[in-house]
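Note sheet for the following structure.
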Amino acid sequence: MSVLLKPVLYSYFRSSCSWRVRIALALKGIEYDLVPVNLIKDGGQQLGSDYRKVNPMQQVPALTIDGLKLSQSLAIIQYLDETRPTPRLLPQDPKKRAQVRMISDHIVSGIQPLQNLAVLKQVGEEKMVSWAQHYITRGFQALEQLLQDTAGKYCVEDEVSMADLCLVPQVYNAERFKVDLTPYPTITRINQALLELEAFKQAHPSRQPDTPPEMRA
Ligand SMILES: N[C@@H](CCC(=O)N[C@@H](CS)C(=O)NCC(=O)O)C(=O)O
């Protein structure tokens, strides 16, 4: 029965983790309903008891689909790819697939968690920006180097992959924290190429149902 219901994505317009999943849904042409979870309003709607039932970790995104309740953006993207394989987001070739996972994990485990809202709150207002800049810079220096071995038009050769879904939102975060991107020409080039694609435009924070009017494009 539940398989017939439309998927529901719990998302915040500016959340990079939600954005990864929105791109996957757009690329695969999967229709869904969106439930906005405002990470700032009311002290953070992700922290409320209702949302805790959806994702006990109190983070977005979460996706209900095929009778499942999933959190963790990479688990969601990989489930979508295994059940709705067109277009593929993980290459068939194990070597390329390993590179896609390496870059995805590099961003998702090695950079983003260090500038997550809950972490920045602990770091404190005064040090927040320099902290985020430090870890994004450290991660981007390594990423720029990794991409020398893997990149074509996109992160891994010329097919859009899960790694690209992680890259674009992370660059957006870097720009928000005013990280100088000039030392990363490969990251910048790939980001620009991806932002030209319709699915990336549709999933952009400036075009979400919960985007505030002043941030709409
Ligand atoms: N590993 C998780 C991370 C999720 C995550 O960090 N979500 C952020 C937004 S991008 C969040 O909900 N933060 C809320 C908070 O820190 O209170 C994933 O990939 O889905």
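The table that follows gives values for the structure above.
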{"read-out": "Assigned charges on the beta-carbon of Lys, Arg, Asp, Glu; the chain dipole about Cα centre (debye)", "value": "280"}
{"read-out": "MET128 paired with ASP93, simple spin-label distance in nm, labels 7 Å along Cα-to-beta-carbon", "value": "4.4"}
{"read-out": "Longest to shortest principal axis, alpha-carbon extents of segment 70-165, angstrom", "value": "46, 34, 17"}
{"read-out": "Loop GluC sites (Glu not before Pro), segment 69-159, which have at most 15 other Cβ atoms in a 10 Å radius of their Cβ (DSSP)", "value": "GLU125, GLU126"}
{"read-out": "Gyration tensor (alpha-carbon) shape descriptor, the chain, a/c threshold 1.5", "value": "oblate"}
{"read-out": "Approximate spin-label separation LYS153-LEU47, in nm, with each point projected 7 Å along Cα-to-Cβ", "value": "4.5"}
{"read-out": "Computed helical MRE - 222 nm, the chain, DSSP H runs ≥ 4 contributing -39500 (n - 2.57), nearest 500", "value": "-15500 deg cm²/dmol"}
{"read-out": "Which of ARG88, ARG22, ARG14, ARG52 has the fewest Cβ neighbours within 10 Å, and the rest in rising order", "value": "ARG52, ARG88, ARG14, ARG22"}
{"read-out": "Sequence-distant residues sharing a close amide H with LEU70 (under 5 Å, placed H)", "value": "LEU63, THR64, ILE65"}
{"read-out": "Mean Cα-pair separation over length for segment 17-92, i.e. relative contact order, pairs under 8 Å, 6 or more apart, %", "value": "30"}
{"read-out": "Percent RCO, i.e. relative contact order, over segment 143-191, from Cα pairs under 8 Å lying at least 6 residues apart", "value": "43"}
{"read-out": "Residues with amide H under 5 Å from that of VAL37, placed H, sequence gap 5 or more", "value": "SER11, TYR12"}
{"read-out": "Net +/- balance of residues flanking LEU9 in space, Cβ distance below 14 Å, scoring K and R +1, D and E -1", "value": "+1"}
{"read-out": "Summed side-chain charge close to PRO87 - residues other than PRO87 whose Cβ falls under 13 Å, Lys, Arg +1, Asp, Glu -1", "value": "-2"}
{"read-out": "For MET162, MET215, order by how many other beta-carbon atoms lie within 10 Å, fewest first", "value": "MET215, MET162"}
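Only the coordinates and a few stated rules stand behind these numbers; no lab work does. Not measured: the values here are computed from a predicted model. Neighbour counts are summed over all protein chains in view; Cβ atoms, including those assigned to glycine, are modelled from backbone coordinates with ideal geometry.
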